[in-house]
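The values are calculated or read from the model by the stated rules, or taken from the named source; none is laboratory data. Keep in mind the model is a prediction, meaning the values are calculated, not measured. Because the Cβ atoms are built from the backbone with ideal geometry, glycine has one as well, and the counts that use them run over all protein chains shown. Ligands, DNA and RNA are excluded from the accessible area calculation, which covers all protein heavy atoms including side chains. Shrake-Rupley method; radii C 1.70, N 1.55, O 1.52, S 1.80 Å.
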Amino acid sequence: MSYDELADLYALQYENYADDLDFYARLAERHGGPVLELGAGQGRVAAHLARRGVEVWALEPSAAMRARGEAATRGLAMRWIAGDMRDFELGRRFPLVIAPFNALMHLYTLADQNAALAGVARHLEAGGVFAFDLYNPLLIRADGALRLEGRYGAAEVYYRQEHRPEAQRLLTHYVLDETGPDGALRRRHHTLDQRYFTRYEVERWLAAAGLSGRLTGGFRGEPYEARRPIMVWTARRVS
Ligand SMILES: C[S@@+](CC[C@H](N)C(=O)[O-])C[C@H]1O[C@@H](n2cnc3c(N)ncnc32)[C@H](O)[C@@H]1O
């Protein structure tokens, strides 16, 4: 799916999301740069690392997301690349490759997943680390109800989740309402399509590409448990 139509909504929802920033910054400080971010979006994480003096290469296919990212990171040590994580060749290796905030949930098929991971393995230095976080599918509660997510300025954002377990897909249908000065309602719809991963699926996927993964249930090294909202993975090349 393309994030072009989601870019405005994404900015409203996540510009202040910061739970993961220290985790990725600590890794970047430990492993050094440049750091390659796959699915860099609007540069939320990349800008945080670059402000700490780490050079970041940001790969992002959506022109609308990239445009916001480029504007937000002007003057920082960053390189934006229009590209797809399923098919990229940057001509160098990196000590750290990251894919924060569910970016890998846009790899919908096994072929997509294998192609992306082969790209990661090709771009990692010996001893390099691949770090990413994913939504924990054990917490999916898609009862079909429409819920208010929040009010962002003049906009009210509602969402409804649809679970397609046979395809490991989670669809989030957003409704974005804005009421004009004349009282007229402007309503927009957007759908976020995510393919979720299970724990041992990720472990096998990484192992097949010569990476050994370590799983935690949070950004501070919490143990992974069913009730944790996210899976946080750090993987190293072992072959
Ligand atoms: C949930 S956003 C995460 C953005 C950013 N990493 C962050 O933490 O704010 C997922 C991003 O992955 C990008 N994406 C989707 N499919 C992709 C692909 N095949 N290759 C690279 N990026 C992709 C989307 O355009 C979107 O910007």
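Out of all DSSP beta bridges in the chain, what portion is antiparallel? Express it as a percent rounded to 5. Close to 70 percent.
Of the solvent-accessible surface of the range 141-195, computed with a 1.4 Å probe and all protein chains present, 46% belongs to carbon and sulfur.
Peptides 125-137, 157-169, 179-191 ranked from most to least packed, by the mean per-residue count of other Cβ atoms within 10 Å: 125-137, 157-169, 179-191. Each Lys and Arg Cβ is given +1 and each Asp and Glu Cβ -1; about its Cα centre, the range 51-191 then shows a dipole of about 260 debye. Each Lys and Arg Cβ is given +1 and each Asp and Glu Cβ -1; about its Cα centre, the chain then shows a dipole of about 620 debye. A Stokes-Einstein calculation at 25 °C with viscosity 0.890 mPa s, built on the Kirkwood radius of the chain over Cα pairs, returns a diffusion coefficient of 132 µm²/s. Based on DSSP H segments of at least four residues, each scored -39500 (n - 2.57), the chain has a per-residue ellipticity at 222 nm of -7500 deg cm²/dmol.
With each label modelled as a point 7 angstrom along the Cα→C-beta vector, the Glu178-Glu70 pair spans 2.3 nm. Could you tell me which of Leu90, Ala155, Met105 has its Cα farthest along the dipole of the chain towards the positive end, charges placed at Cβ (Lys, Arg +1; Asp, Glu -1), taken about the Cα centre? Most positive-ward Cα: Leu90. Here the spin labels are modelled as points 7 Å beyond Cα on the Cα-Cβ line, and at Arg187 and Leu90 they lie 4.3 nm apart. Its relative contact order, with pairs defined as Cα atoms under 8 Å and 6+ residues apart, puts the chain at 16 percent. Computed on the range 141-195, with alpha-carbon pairs under 8 angstrom and 6+ residues apart, the relative contact order is 27 percent. Within the shell of other residues whose beta carbon sits under 14 angstrom from the beta carbon of Glu70, the net charge comes to +3, with Lys and Arg scored +1 and Asp and Glu -1. Seen from all directions on average, the range 141-195 presents a Cα convex hull projection of 4.1 nm².
Dipole check for the range 121-239: with +1 at the C-beta of Lys and Arg, -1 at the C-beta of Asp and Glu, and the Cα centre as origin, the magnitude is about 340 Debye.
Take the Cβ atoms of Arg204 and Glu225, set R0 to 25 Å, and the FRET efficiency comes out at 0.75. Based on a Kirkwood Rh over C-alpha pairs, give the Stokes-Einstein translational diffusion coefficient of the range 123-239 at 10 °C and viscosity 1.306 mPa s in µm²/s. D = 94 µm²/s.
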